[in-house]
Structures are given as C-alpha cells and as structure tokens.
1. How many residues does segment 342-362 hold that are within 20 Å of Asn199 (Cβ to Cβ) and part of a strand (DSSP E or B)?
2. Are there any pairs with C-beta distances below 6 angstrom linking a residue in segment 352-371 that is within 18 Å of Ile8 (Cβ to Cβ) to a residue that is within 14 Å of the ligand (Cβ to nearest atom) and in a strand (DSSP E or B), with the two at least 6 apart or on different chains, and if so which?
3. Taking helices (runs of 4 or more DSSP H) that do not extend beyond segment 371-487, which have at least 2 residues that are in contact with a strand residue (DSSP E or B) (Cβ under 7 Å, 6 or more places away or on another chain) and of a type outside the set (A, V, I, L, M)?
4. Only one residue in Val182, Val203, Val244 is in a strand (DSSP E or B), open to solvent by less than 10 Å² (accessible area, probe 1.4 Å) and of a type outside the set (Asp, Glu), so which one is that?
5. Where residues in segment 213-252 are within 23 Å of Gly486 (Cα to Cα) and without any contact (Cβ under 8 Å) to a residue 60 or more places away in the chain, which of them is farthest from the ligand (Cβ to nearest atom)?
6. From the list Gly96, Gly85, pick out the single residue that is at pLDDT 95 or above, within 16 Å of the ligand (Cβ to nearest atom) and under 20 Å from Gln139 (Cβ atoms).
7. Looking only at segment 30-55, count how many residues are modelled with pLDDT under 95, in contact with a helix residue (DSSP H, G or I) (Cβ under 8 Å, 6 or more places away or on another chain) and open to solvent by 30 Å² or more (accessible area, probe 1.4 Å).
Amino acid sequence: MPFADIIIIGSGIAALSAAKQLAKQKNVMIITKSKVEDSNSMLAQGGIAAVIDKDDVWREHYRDTVVAGCYHNDQKAVKKLVKDGTCSVKKLIHEGMLFDRNEQGEFHLGQEGAHNRRRILHAGGDATGKELVQFMFKQLQEQVNIIENEMAIDLIIHDGKCIGLKTINNNDHVKKYYANHVILATGGCGSLYKVSSNNETVVGDGFSMAYRAGAELADLEFMQFHPTMLYTQGGSKGLVSEAVRGEGAFLVNNHGVKIMENVHVQKDLAPRDIVARAIHHERSLGNDVFLNISMISNFKQRFPTITALCEDAGIDITAGLIPVAPGAHFIMGGVKTNLHSETSIPGLYAVGEVACTGVHGANRLASNSLLEGIVFGENLANYILSKKSVTSIQSSTKTEYAHQKIDIELPTRFEIQEMMTSFVGIERDRKGLLYVKNWFEKYLHLGWLSTSLKEGTKEQIKTINMLSNGWLIATSALLRTESRGGHYRTDYPLSKTHWQNKQVVRQKDKELISLVEPLLGVK
Ligand code: SIN
C-alpha cells in the first residue's frame with residue numbers, strides 16, 4: 001500500500017519549503033490535484049517582505065503587519081514571521097536565489113500597501129513567485145516523490161489521529177495513501193469568486209477536507225480582495241501588483257479624479273481592504289477605475305509580467321492607464337494551527353494559506369504570504385524532524401476503488417462564484433448572508449457535513465467542496481457582527497463597530513450544528 005513518512009498535499013511555496021527540509025532525512029511525497037506549477041505561489045508578483053535593509057528593524061515590519069491586520073493578529077505568530085523571516089530570506093540568498101538589484105548592486109526593494117518603507121524583495125521584476133518556486137523545485141525534484149493529477153478528497157482518521165488520505169484521479173478512481181504525518185498545503189480559495197487573482201484550481205479543498213475530518217477552522221470571514229486586477233471586457237485578465245503603486249502609480253476614475261485622495265493618509269498605498277472598498281464604491285457609482293502609470297518610465301522592464309498581461313488583453317500601456325477592479329486574493333482564516341502548524345487533529349498539519357496561525361489578523365500585509373510559506377514551512381519541517389517518529393500505518397486491503405457519479409444536477413462553478421460575489425463579497429450584510437447560507441444548505445444532502453464523501457466524480461467533488469467552503473465562509477461572516485479588515489458588514493459599518501477581540505473559532509461545534517440541524521432533520 002502507498003506509504004511515505006510525510007505526505008504533503010499541495011505544491012505551493014509552503015509545501016516546497018517544508019519538503020526541501022524534510023527530504024534531507026525523510027521519505028516525502030507531494031500529491032497535487034493538477035500540475036505542480038498550478039499554484040498561487042507561481043502567480044505571486046510583488047515579492048517577499050523582509051527586514052533586509054540596514055535601516056529597517058523587525059519591530060517596524062511587525063507594526064505594519066499588525067496595523068494592516070486590524071490588531072486581530074496572533075502576536076507570537078507575527079514575531080516569528082518577521083524575525084525568522086529575515087534569517088530564512090538570507091539563507092535563500094546564500095543558497096543562490098537571485099533577487100533583483102539596482103545598478104549599485106544593492107537589493108532593489110519595492111514598496112507596497114501599508115508598509116511604511118521599502119521592504120519588498122522581488123525577482124524577475126514582477127515574477128517573484130515563479131522564480132522562487134522554480135528555484136526551490138530544482139533543489140528537491142530528485143528527492144521527493146511527486147504525484148500529479150490526483151486530488152486529495154478526504155483525510156483518513158483512525159483513533160482520532162490522521163494516518164493518511166484518499167485521492168481521486170481523472171478516471172474517478174479513489175486511492176488510499178498512508179503516512180506518519182500529513183501536511184495540508186492546499187492554499188486558499190480565491191476561485192470561489194468570479195473575479196480572482198488565484199489559479200482557477202484554488203477553491204479551498206483543504207478547508208473542506210479538514211472540516212469533514214472534524215478539525216477546527218478559524219476566521220474564514222476574513223477574505224482579502226486585491227484592489228487591482230486587470231479588468232477589461234467584463235472580466236479579469238490577471239493581477240496588477242501593488243508594487244506598481246509602490247513606484248508611484250495612483251488610482252483615478254473615468255473623470256480623472258484621484259480616488260484615494262481623501263480616504264486614508266497612505267492614499268494609494270493604504271491597506272488593501274481600504275483601497276479595494278474605495279474602488280468597489282467608485283464602481284458601484286457606475287464609474288470605471290484606472291491605474292495611472294504614466295510616471296513609471298521603465299514600466300516594461302520593471303513589470304514584464306504585467307506588461308505581457310496588458311498586451312494579451314489589448315491594453316496599450318503607453319497610454320498610461322490600466323483598467324482595474326478588485327478580485328478575491330487571499331483568505332486570512334483557515335485550518336487553525338499552533339506555531340508548529342499542528343492542527344486540532346494529531347498527525348495533521350496545515351501550512352501556508354490553508355492554515356490560520358493568526359499571523360495575518362483580519363487583513364494580510366502585502367508580500368507577507370510568500371514569507372509565511374517559507375518561514376512556517378521550514379519551521380514545520382524542523383518540528384517534525386525533531387519528533388520521535390512512530391510508524392502507525394493501518395493495514396488495508398482496499399486501496400483502490402471507483403467512486404460512483406452522483407445522479408443529481410449540481411450547481412455550476414459559475415453559479416457558486418456568482419453567489420459568493422454577490423452576497424459574501426467585499427461588502428456583506430445579514431440579509432444577503434442568510435439568503436446565500438440558505439441557498440448552500442439546499443445542497444446539504446450531498447454530504448459535506450459528514451466525515452467523508454462516499455460518492456461523486458472528481459469534478460463533482462470539486463463542486464461539493466466549493467459549496468461546503470461557501471457555506472463555511474457565509475456562516476462565519478454571519479456570526480461576526482462587526483466590520484474589520486477583509487470582513488465588511490454594511491449593517492455594522494466601521495464607524496459604528498467596536499472590534500471584538502476574541503477569535504471566533506468555527507468547527508463542528510454545538511453552535512454550528514444547531515444552525516443546520518433543523519435542515520438535516522436531526523435532533
Ligand atoms: C501584489 O503583487 O500586489 C500581490 C502580492 C501579495 O499578495 O502580497
């Protein structure tokens with residue numbers, strides 16, 4: 001039967017960072033639902049925020065992280081991120097990772113929203129994620145068993161411990177894998193929304209799996225919308241990095257009015273939630289919004305990825321205006337973990353965007369996500385390596401079997417995205433959240449509240465996971481009666497809310513079950 005010391009689900013930067021360290025001593029397997037390069041990390045443009053400049057100090061990076069996070073952050077996690085972050089990044093540089101430098105040979109540090117100084121390392125201009133993933137991948141390719149095109153569908157729990165997982169392949173065959181340690185590194189869920197910066201495969205499978213297995217999830221109501229997706233012909237054509245505003249670009253509406261002028265002291269470089277809401281507001285008035293880039297003389301060289309995106313979309317950057325709209329980008333909540341990335345289920349870990357260490361609070365600071373993946377991935381690997389490993393595989397005769405198709409019509413991916421965008425988007429209120437929650441609950445009989453899925457093709461399971469995640473996010477958003485960071489309730493506008501300091505933990509607890517019991521017909 002397929003077994004590894006450690007199985008990592010997902011192939012983004014957090015997965016690779018953990019795998020790189022673990023593979024030095026252990027047998028590691030990576031399982032990913034499409035190709036290894038299909039991750040959000042590959043798409044990351046801006047860079048990696050880290051205290052590298054001699055005049056910068058970790059306390060300032062800490063402060064910027066916590067202010068952007070609306071003081072909802074776990075302080076220990078933030079300290080770990082910013083302090084260990086410097087060491088991890090220096091280690092990468094020492095190993096040969098090439099970050100962009102200026103003519104004097106110094107690192108060319110970029111600036112992004114809510115940072116009070118230039119602190120962002122970037123590579124290939126605006127291709128940092130791609131360069132980093134390729135760099136890491138080269139180092140571990142030979143040492144790790146990589147399984148592509150198999151989607152993890154459920155975790156195997158035995159005596160309260162996670163001992164493996166089930167996958168489904170493109171022929172709808174289900175296979176079981178066993179491991180001493182299972183790491184969820186499945187990323188976030190931005191593609192639950194119509195406009196998103198995420199890879200289209202990223203719909204939060206890790207949340208659904210962990211939830212069905214009974215793990216605690218937290219803070220799912222905090223969804224970050226990136227202010228500037230390239231938006232033309234009624235759709236999004238990719239991300240326009242915040243680093244563009246860091247080089248001086250500013251937002252204008254179609255009347256030429258600078259829209260961030262009187263909104264925040266940091267203007268176009270205010271925290272993302274604030275800029276995204278300002279653009280959303282303009283668009284709701286019927287105005288179009290553009291990024292004025294006319295002051296950036298070397299735009300093509302500094303931002304080659306964005307230049308190519310614009311060319312593909314038929315936007316002439318020499319005219320100086322890029323049409324933009326906000327899109328779902330990053331979820332701050334996820335599977336709740338401690339600082340070692342342990343979840344509430346022994347043997348199961350979560351790292352990267354799927355995890356909620358609390359490091360990002362209610363709104364992530366720009367370019368802290370690749371940093372999170374590097375720091376917490378490496379930290380988790382060291383933690384697992386420090387543990388005495390006890391092999392706990394189960395014997396199983398049935399490791400492969402076919403899953404049956406569910407014989408009812410499921411909503412389309414587009415319908416779910418439509419619902420999420422309309423009712424659990426940049427702005428939400430009780431009425432809309434209740435409506436969408438009820439809509440999701442029409443599909444409860446598909447089994448996403450049970451401990452594992454018993455039927456469904458690969459495509460159907462993707463839809464079931466989208467429904468389950470939409471429901472989890474809508475339910476969490478309903479329960480948080482305040483506006484904070486990436487969770488803006490128009491029925492609790494910022495001017496009237498007092499931030500609640502407790503973290504609301506979502507799990508299969510009494511509160512949640514009581515909400516759905518009447519619909520399930522159980523007592
Ligand atoms: C960007 O380049 O604007 C995105 C970087 C990030 O998500 O932090």
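1. If we filter segment 342-362 for residues that are within 20 Å of Asn199 (Cβ to Cβ), which is where we start, we get 350-355, 360.
Next, from what is left, pick out any that are part of a strand (DSSP E or B): 350, 355.
Residues flagged as within 20 Å of Asn199 (Cβ to Cβ) and part of a strand (DSSP E or B) within segment 342-362 amount to 2.
2. Taking only residues 6 or more apart or on different chains, the pairs are Leu370/Ile48.
3. On the way: elements: 413-423, 430-441, 458-479.
Once the helices (runs of 4 or more DSSP H) in segment 371-487 are filtered for at least 2 residues that are in contact with a strand residue (DSSP E or B) (Cβ under 7 Å, 6 or more places away or on another chain) and of a type outside the set (A, V, I, L, M), what remains is 458-479.
4. Numbers: Val203 fails: in a strand (DSSP E or B); Val244 fails: in a strand (DSSP E or B).
Exactly one residue qualifies, and that residue is Val182.
5. That would be Gly235.
6. Working: Gly96 fails: within 16 Å of the ligand (Cβ to nearest atom).
That would be Gly85, the only listed residue that is at pLDDT 95 or above, within 16 Å of the ligand (Cβ to nearest atom) and under 20 Å from Gln139 (Cβ atoms).
7. Residues meeting the conditions: 5.
Condition check ((1) surrounded by fewer than 19 Cβ atoms within 10 Å (Cβ to Cβ); (2) under 30 Å from Ser34 (Cα atoms); (3) modelled with pLDDT of 95 or more; (4) touching a Cys at 6+ places or on another chain (Cβ under 6 Å)) across all residues:
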| site | (1), (2), (3), (4) |
| --- | --- |
| Gly425 | no, yes, yes, no |
| Leu444 | yes, yes, no, no |
| Trp471 | no, yes, yes, no |
| Ala477 | no, no, yes, no |
| Trp499 | yes, no, no, no |
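The values are calculated or read from the model by the stated rules, or taken from the named source; none is laboratory data. No experiment lies behind these values; they were computed from the predicted model shown. For neighbour counting, all protein chains shown are included, and Cβ atoms are generated from backbone atoms with ideal geometry for every residue, glycine included. Just so you know, the surface numbers come from the protein's heavy atoms only, side chains and all, with ligands and any DNA or RNA stripped out. Shrake-Rupley method; radii C 1.70, N 1.55, O 1.52, S 1.80 Å.
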